[in-house]
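Every number in this text was worked out from the coordinates using simple rules, so none of it is lab data. Since the model is a prediction, treat every value here as computed from it, not as a measurement. For neighbour counting, all protein chains shown are included, and Cβ atoms are generated from backbone atoms with ideal geometry for every residue, glycine included.
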Amino acid sequence: MTGSRAYSLLNAKTSFRLFYPVLIIILLLPGKLLAQEKLPDVSVSLPRQTNTVYSLLNQISRESGFFFIYDSDVIDNNRRVSIRRNNQVISQWLDVILDDPSLQMRVIQRHILVFRTDAEPIQAMPAPEHQKINPWFTIRGRVSDQVNGNPLPYASVGIPEKGFGISTNLDGFFQLRVPNEFIDKSLRISHLGFKTQEIPLHLLRDQFVDVIMETEYISMQEVVIRYYDPTAIVFQMLEKIEQNYGNKPVSLLSFYREGVKRNNKYLNFSEAVFRVFKAPVNAPYDDQVMVVKARNIINADHTDTLVLKLRSGVQSSLQLDIMSKLPDFLDPEFIDDYDFIRADIVTRNNRSLYAIEFAQKRIIRGPLFMGTLFIDTEDLALVEADFEINQKYINQARDQFFVRRIQSFVPIIERANYTISYQKFNGRYYLKHVRGELSLKIRRRNSLFNNHYFAFIEMAVGQIDDQDVNRFSRREVLSPRTTFVDLGYKYDDGFWGEFNVITPEKEIMEAFSGVKAKIESFENGGE
């Protein structure tokens, strides 16, 4: 196959045994404070070193428990500073490290805000004129690990009590458009295994924030006291599905994206905003998807020998709601094929979770799943799951991933992995984020050289609405089996408007920076 003909990859297929989803605080303060606020009288001991401002401030955070919020245009993160070994209070260290008398400080809970004295006053509430002109404001930022500075992908950023938010991308970045009516609320940032942070939204309006997350450790005493039978916990979780998850239809405003990459080149990339009619758990009818806005980029040309496309990526995203569509490792008919192993107790959103590892029994030699389930210790709801197809046997299932095979090419599946998380809204759990990834290599027969391919699907729920929810009309519904990249692309600077989306990773932005995209419009289901 040559040229721009498409070769469909991955067929979302459900069998009686398996389902194979297609893969398819840096802060610019808007306010001026009237006086320098007294910083916490906490002593911090640092060794002699020459290091960046960013690293030194993180060391102070680890020692003191206070986090710094500042604008990277005001403070140069990469400037190197030499310090002597010493034990000083925080204010003395900041005098040495920042070396700028024009900076002001303010303490808000466990955060220290650093800003210039020539900024505008902080407004606790938006001005009425601002509400009329802009009904929402934007917060952008990055979520990272305090210990090593690594980005935290799939962190939840939002206002849970409003069912509103988005997830960080693989680089830890997020962008959130917040209605002005939520200005008196707090932004909550949470990630599995880290302490949840909450920051008043009025401090973050139209800013870039760098949120440093602190690891949350579970005491050995709690681990010992909470000894549990993992298999029994899983069965109790299954018994409580109807009690814990949606019992009536809801509307999910969701952001979806998918892409395929060969070696270091993206062949195609699509993204969309959906309205999802989400059926209650165990409902006799299916979910529905309506496209609000969508676009895609085609980067394949006549020199591309083999072009892979994702088919049924939308359907796969819906299938990954494993509480509505039980996979075999949770299906009572096949669950005996698996061993459940006690792993650990971790935290998310200040709640303890059982972390239960599972894998197929050793006597079973086939492509089953393995991974970890995270179950709330109090209400026994599954709140997160990470799993993959056993790599030892994965190529026994490779035909499940292809709509059709071309005899002149030999595919080898390397990995197929999935992540799912849920959020609590009005006492029930609903889908929050799903991602599926497929890695494979393909070579032409009689050739020694391989091309590596990577495909992914991802969906993040931005808002939940449980009022006056009705099924969509037939003409509004998108077929979930659609090859989404074929639906078209329309670009403009304000394309997404007020919608919350997953920020493209740096790699994706660089991959398409020089590509003249195919331009088509596709809105409201193709009308």
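Which entries in the list Lys261/Lys432; Lys185/Lys240; Lys162/Lys248; Lys240/Lys361; Lys325/Lys506 go over 28 Å, if you measure between the two C-alpha atoms of each?
Lys185/Lys240; Lys325/Lys506
Given region 128-213 reduced to its alpha-carbon atoms as identical point scatterers, what log10 I(q)/I(0) does the Debye formula return at q = 0.23, 0.26 Å⁻¹? Scattering profile of region 128-213, log10 relative to I(0): -1.09, -1.35. Looking at region 321-417, the GluC sites (Glu not before Pro) that sit in a DSSP loop and have at most 16 other Cβ atoms within 10 Å of their own Cβ are Glu333, Glu378.
Exposure proxy check: Ile356, Ile189 ranked by fewest other beta carbons within 10 Å?
The order, fewest Cβ neighbours first, is Ile356, Ile189.
Each of Asn150 and Asp184 was given a label point 7 Å from its Cα along the Cα-to-Cβ line. The distance between the two points is 4.2 nm.
For a label point 7 Å from the Cα of Ser45 along Cα→C-beta, name the residues of region 72-112 whose backbone N is under 16 Å from it. Correct set: 84-90. By the count of other C-beta atoms within 10 Å, a proxy for reagent exposure, Phe164, Phe182, Phe269 are ordered fewest to most as Phe182, Phe164, Phe269. From the square roots a ≥ b ≥ c of the eigenvalues of the alpha-carbon gyration tensor of region 43-116, which class results: rounded (a/c under 1.5), prolate (a/b over b/c), or oblate? Judged from the Cα gyration tensor, region 43-116 comes out oblate (a/c at least 1.5, b/c at or above a/b).
FRET efficiency for the Asn426 to Asn446 pair, using the beta carbon distance and R₀ = 60 Å, is estimated at 0.50. With neighbours defined as other Cβ atoms within 10 Å of a residue's Cβ, the residues Asp145, Asp336, Asp468, Asp344 order from fewest to most as Asp468, Asp336, Asp344, Asp145.
For region 379-465, the set of chymotrypsin sites (Phe, Trp or Tyr not before Pro) satisfying both a DSSP loop assignment and a count of at most 10 other C-beta atoms within 10 Å is given as Phe449.
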